[in-house]
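Only one structure is covered here, and it is reproduced in the block below.
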Amino acid sequence: GSEKIAIAIDGPAAAGKSTVAKKVAEHLSYIYIDTGAMYRALTYYAIKEKLDLTSEKQIIDLLFTITIKLIQGEKGQNIFVNDQDVTQMIRSQEVTNHVSIVAQHPLVRAEMVHRQKALAVKRGVVMDGRDIGTHVIPDAEVKIFLVASALKRAERRQKENEANGIASNLEKLKMEIEQRDQLDSEREASPLVKAKDAVEIDTTTLTIDEVVHHILNVVEQVRS
Ligand code: CDP
Ligand code: CDP
């Protein structure tokens, strides 16, 4: 069949979710939705407003007063808070190191999940995050769970940093990734966990194209 479906891609930090999700979406002419960017945008704004990131009340109040928009631009997806383009700022080390604290709050998660569900009702979407297959689109036709060794994931981030002219310490990157994974996995509300019906792919020794190919095969099987 050719009816549009929803594809949920979850997994820990730097497993390759967004890179692969974008390519799968292009291939199928689907919309790609980066839910991590939404948590990052909220975190960026909370830091900018000098809020107490551990205060659920302060963070949820902020979330209800801002609009977060994902807009498809020529060079990929741009993210806006109110009308400010925050695409670059949300990738900063400061945001990266605080986002899992902001994303822990149950009320914040409930509101994010609510907004993300609305983006998936029409299908034709590839959505990546931590809880897409378990909470956001539990009835997704295809669920993928990407994993890779922590060392490999740190190496990938280091390479990315290098490409941007930033030197980084591999051990430190690995530790930060593991800390974030731990916070994401151990929180009460919609934690990082593999959905029972997800297909797990270990990308440690796979190229991006190999992972994309594997996912497109799963999609083909489901649609036929
Ligand atoms: O790309 P990277 O793996 O560094 O992270 P991301 O996908 O941009 O997500 C950043 C953070 O947002 C994660 O570490 C989680 O704390 C949070 N997040 C979440 O809680 N739920 C999601 N569906 C997506 C992201
Ligand atoms: O979204 P997530 O944090 O899971 O990972 P990503 O940002 O898509 O990927 C992290 C880095 O790993 C990117 O620079 C990708 O190009 C790279 N990557 C890779 O080298 N091999 C793969 N099979 C997947 C991703």
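Nothing in this text is a laboratory measurement; each read-out follows from the coordinates by a stated rule. Just so it is clear, the model here is predicted, and its values are computed rather than measured. Cβ: placed from backbone, ideal geometry, glycine included. Neighbour counts: every protein chain shown.
Values computed for the structure shown
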read-out: Spatial separation of Cα centroids for the stretch 145-162 and the stretch 199-224, in angstrom; value: 18
read-out: Listed pairs Lys17/Lys152; Lys69/Lys196; Lys69/Lys117 exceeding 19 Å between Cα atoms; value: Lys69/Lys196
read-out: Largest to smallest principal axis extent of the C-alpha atoms in the stretch 92-224, angstrom; value: 45, 38, 24
read-out: Neighbour net charge for Ser92 - beta-carbon separation under 15 angstrom, K R +1, D E -1; value: +1
read-out: Which of His105, Asn164, Ile177, positive extreme of dipole for the chain (C-beta unit charges); value: Asn164
read-out: Ordering of 72-85, 93-106, 42-55 by packing [mean C-beta count within 10 Å, highest first]; value: 93-106, 42-55, 72-85
read-out: Descending semi-axes in Å of the stretch 37-168, equivalent ellipsoid built from Cα gyration tensor; value: 23, 21, 16
read-out: Segment Lys117-Lys69, extension gain: residue separation times 0.36 nm, minus the distance between their alpha carbons; value: 15.8 nm
read-out: Antiparallel bridges, percent of DSSP beta bridges restricted to the chain (to nearest 5); value: 30
read-out: Kirkwood hydrodynamic radius over Cα pairs of the stretch 51-125, then Stokes diffusion coefficient at 37 °C and 0.692 mPa s, in µm²/s; value: 237
read-out: Alpha-carbon Debye profile of the chain, log10 I(q)/I(0) at 0.08, 0.10, 0.11, 0.16 Å⁻¹; value: -0.27, -0.43, -0.52, -1.17
read-out: Trypsin sites (Lys or Arg not before Pro) within the stretch 148-219, DSSP loop, no more than 11 other Cβ atoms inside 10 Å; value: Lys196
read-out: Net dipole in debye of the chain [+1 Lys, Arg Cβ; -1 Asp, Glu Cβ; about Cα centre; nearest 20]; value: 220
